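Please read the structure below before turning to the comments.
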Amino acid sequence: MSAEIALPTARDTQAFGVRLAALLRAGDLIVLTGDLGAGKTTFTQGVGEGLGVRGPVTSPTFVIARVHPSLVGGPDLVHVDAYRLAGALELDDLDLDADLDAGVVVVEWGAGLAELLSAERLEITLTGQASRLARVVGVGSRWETPEAVQALAAVCRATTEVPH
Ligand SMILES: Nc1ncnc2c1ncn2[C@@H]1O[C@H](COP(=O)(O)OP(=O)(O)OP(=O)(O)O)[C@@H](O)[C@H]1O
Ligand SMILES: [Mg+2]
């Protein structure tokens with residue numbers, strides 16, 4: 001499944017995260033790609049809000065991985081910033097496998113690294129400055145069931161249609 005959606009404002013990016021969170025469950029991995037300031041953290045803040053985890057979700061400047069516990073008995077949010085990670089070995093050191101079981105893992109700058117964590121993931125690429133876009137690709141059987149494809153498509157449609 002693959003879709004492209006428009007994210008004109010930061011609020012749209014956050015709202016997209018909130019909507020997407022409704023589909024997420026423990027074990028899900030989201031790999032975020034996009035230049036500096038593309039909106040990766042803004043999106044993750046929406047996911048945190050949607051999941052109902054303890055905030056605030058911020059740019060993890062000194063912390064590479066931060067666990068935000070659920071306040072509603074759902075999955076925790078594990079927010080990883082792989083920007084400073086030298087490679088897959090260091091990602092391995094974070095020992096995220098246990099977190100992946102208990103929570104939703106969102107990795108900023110994860111392309112090329114985080115794929116190693118799970119064969120099943122959502123890849124979200126944020127692009128553009130004047131007109132921002134997100135490309136959403138579901139990888140693996142988790143995202144290939146008719147239910148998942150339909151739910152993801154509905155989230156993407158709802159996001160595109162956000163009124164401004
Ligand atoms: N459509 C938009 N989507 C997301 N952020 C936007 C948008 N328009 C403006 N912004 C602003 O751009 C900035 C995006 O910052 P954010 O920290 O989310 O990006 P990032 O990709 O996480 O950056 P970094 O690479 O430093 O981690 C915020 O200040 C946000 O308010
Ligand atoms: Mg960020």
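What number of residues within segment 98-115 satisfy the criterion of being of a type in the set (D, E) and farther than 21 Å from V57 by Cα?
The number of residues fulfilling the criteria is 1.
Mind counting the residues in segment 81-99 that are in contact (Cβ under 8 Å) with a residue 24 or more places away in the chain and surrounded by fewer than 12 Cβ atoms within 10 Å (Cβ to Cβ)?
Summing the residues that are in contact (Cβ under 8 Å) with a residue 24 or more places away in the chain and surrounded by fewer than 12 Cβ atoms within 10 Å (Cβ to Cβ) in segment 81-99 gives 1.
Can you report the number of residues in segment 1-22 which are crowded, with 18+ Cβ neighbours inside 10 Å, hydrophobic (A, V, I, L, M, F, W, C) and under 16 Å from D76 (Cα atoms)?
So the count comes out to 3.
Inside segment 4-38, can you point out the residues that are out of contact with any Asp or Glu (no Cβ under 9 Å at 6 or more places or on another chain) and within 13 Å of ligand 2 (Cβ to nearest atom)?
Hits for segment 4-38 are A10, T13, D35, L36, G37, A38.
What's the total number of residues in segment 124-149 that are more than 18 Å from G17 (Cα to Cα), in a helix (DSSP H, G or I) and not polar (S, T, N, Q)?
Residues meeting the conditions: 3.
Which of (1) within 12 Å of ligand 2 (Cβ to nearest atom); (2) buried (at least 22 other Cβ atoms within 10 Å of the Cβ); (3) not in a helix (DSSP H, G or I) does F43 not meet, given it meets every other one?
(3)
Which of the residues that make up segment 69-119 are assigned to a strand (DSSP E or B) and not acidic (D, E)?
S70, L77, V78, H79, V80, G103, V104, V105, V106, V107
Which of the numbered conditions does I5 fail, given that it passes all the others? Conditions: (1) more than 12 Å from ligand 1 (Cβ to nearest atom); (2) touching a Cys at 6+ places or on another chain (Cβ under 6 Å); (3) of a type in the set (A, V, I, L, M).
Every listed condition holds for I5 apart from (1).
Find the residue count for segment 100-131, including only residues that are of a type in the set (D, E) and surrounded by 22 or more Cβ atoms within 10 Å (Cβ to Cβ).
Result for segment 100-131: 1.
Every read-out reported here was derived from the displayed coordinates using simple, explicitly stated rules and does not represent laboratory data. Please read all numbers here as calculations on a predicted model, not as lab measurements. Counting neighbours? That spans all protein chains shown, and the Cβs are built from the backbone with ideal geometry, glycine included.
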